[in-house]
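All remarks here apply to the structure that follows.
Read the figures in this text as sums done on the coordinates, not as results from a lab. Owing to the predicted nature of the structure, the values given are computational and were not obtained by experimental measurement. Note that each Cβ is placed from the backbone with ideal geometry, even for glycine, and that neighbours are counted across all protein chains shown.
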Amino acid sequence: MARHPEAALAGGSGSKSPIYTGALGEYNGVVLHKWNRIPVGISNAGAAQTSTRRAVFCGAQAAAVGFGREFSKGSHYKWIEELFDYERELGVSAQTVWGIKKSVFNSKDFAAIVATTFAVAH
């Protein structure tokens, strides 16, 4: 599937990389994924337009991720495992503080393109 497997996500190898898991395929070097939650378009007046959908094409560095302070040395996650019911049931808790934001430089979106398309209601 990949013409350049070395460019796939680090840690993966070609089509076995996580970026290809569940992908529809690849077109012109772009990996395509299906997503059922594409938002509807919004008119200039602010009203939802149910006949349009807005797909987003994200390139490298289209978003930034930030984490809160470290819980333990070198880890931003707190992992807790506890046994319940006389050690027959395992409970696991993973905690972190994080956020993600679209990259904007000089008041312009960076590495993201929005494609508005016509969509017939199902």
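Taking amide H positions as modeled 1.01 Å from N, with prolines and chain starts lacking one, the residues under 5 Å from THR52 and 5 or more places away or on another chain are GLY41, ALA119. With both labels modelled 7 Å from their Cα along Cα-to-Cβ, the PHE118 to ALA60 distance reads 3.7 nm. Charge tally for ALA63 (other residues, Cβ to Cβ under 10 Å; Lys, Arg +1; Asp, Glu -1): +2.
Sparse packing (at most 11 other Cβ atoms within 10 Å of the Cβ) combined with a DSSP loop state is found for the following chymotrypsin sites (Phe, Trp or Tyr not before Pro) in the range 58-122: TYR86. Grab the other residues whose beta carbon is less than 12 angstrom from that of PRO39, score K and R as +1, D and E as -1, and report the net. Computed value for this residue: +3.
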